Amino acid sequence: MSYFTGTAAPLLAADAFVQGQGRFPISLAEYRGSWAVVAFAARHTDMLELARLEEAFGADGAVVLATTPDDWHEAASRYAGGPVRFPLLTEVEEERRITLVVDPGGVVRHVGLRRSARETLAALEAELLPRALAA
């Protein structure tokens with residue numbers, strides 16, 4: 001998959017594992033109308049860092065999603081009972097560790113390559129600031 005700033009976000013749909021809710025199908029399209037942060041090929045440490053900052057992303061009006069090549073059972077056994085509360089889209093094959101910031105209209109506004117969650121949060125806030133000043 002190729003991702004570029006200013007283009008439509010991918011039509012991502014997969015089974016997801018969500019803490020306390022189990023397994024269910026999910027699509028990025030369901031989050032239209034909200035800012036979304038989507039971490040592809042997130043490693044365990046990436047997931048934990050996103051989990052630590054999930055509240056900050058939420059305060060800025062963004063939902064967090066991550067993809068994993070693990071199947072649903074592997075994701076459930078690895079993350080059940082832990083701090084990761086956002087949806088993990090399972091069996092998504094993406095080799096590049098990238099993070100997208102997607103606006104409420106479904107347009108990619110930032111592509112982070114192997115960036116930390118803090119850098120992604122800063123990118124989200126940089127996108128929100130001009131909109132806040134214009135309001």
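Bear in mind that the values in this text are calculations on the coordinates, not laboratory data. If you're wondering where the values come from, they're calculated on a predicted model, not measured in any experiment. With ideal geometry, Cβ positions are generated from the backbone for all residues, glycine too; neighbour counts draw on all protein chains shown.
Dividing the convex hull volume of the alpha carbon atoms of the chain by its residue count gives 98 Å³ per residue.
3J(HN,Hα) couplings calculated from phi for the stretch 80-86 with the Karplus curve 6.51 cos²θ - 1.76 cosθ + 1.60 (θ = phi - 60°) are, in sequence order, 4, x, x, x, 7, 10, 7 Hz; Gly and Pro show x.
With the dipole of the chain worked out from charges on the C-beta (+1 for Lys and Arg, -1 for Asp and Glu) around the Cα centre, which of 68, 53, 126 lies farthest toward the positive end? Projecting each Cα onto the dipole axis, the largest value belongs to 126.
Under 5 Å between amide H atoms, partner at least 5 residues away or on a different chain: which partners does residue 42 have, H built in plane at 1.01 Å? Amide H neighbours of residue 42: 67.
With R₀ fixed at 35 Å, the C-beta to C-beta distance from residue 127 to residue 23 puts the FRET efficiency at about 0.65. Using θ = phi - 60° in the Karplus curve 6.51 cos²θ - 1.76 cosθ + 1.60, the 3J(HN,Hα) couplings for the stretch 61-74 round to x, 10, 9, 10, 9, 9, 10, 9, x, 4, 7, 4, 5, 5 Hz; x is entered for Gly and Pro. With the convex hull drawn over the C-alpha atoms of the stretch 6-57, the volume per residue is 121 Å³. Ordering 39, 19, 80 by Cα displacement along the dipole of the stretch 13-134 toward the positive end leaves 39 in first place; charges were set at the Cβ atoms of Lys, Arg (+1) and Asp, Glu (-1).
Dividing the summed helix terms, -39500 (n - 2.57) for each DSSP H run of n ≥ 4, by the number of residues in the chain produces a 222 nm estimate of -10000 deg cm²/dmol to the nearest 500. As a proxy for reagent exposure, ranking 50, 129, 28 by other Cβ atoms within 10 Å from fewest up yields 129, 28, 50.
The residues 18, 84, when put in order of fewest to most other Cβ atoms within 10 Å, stand as 18, 84.
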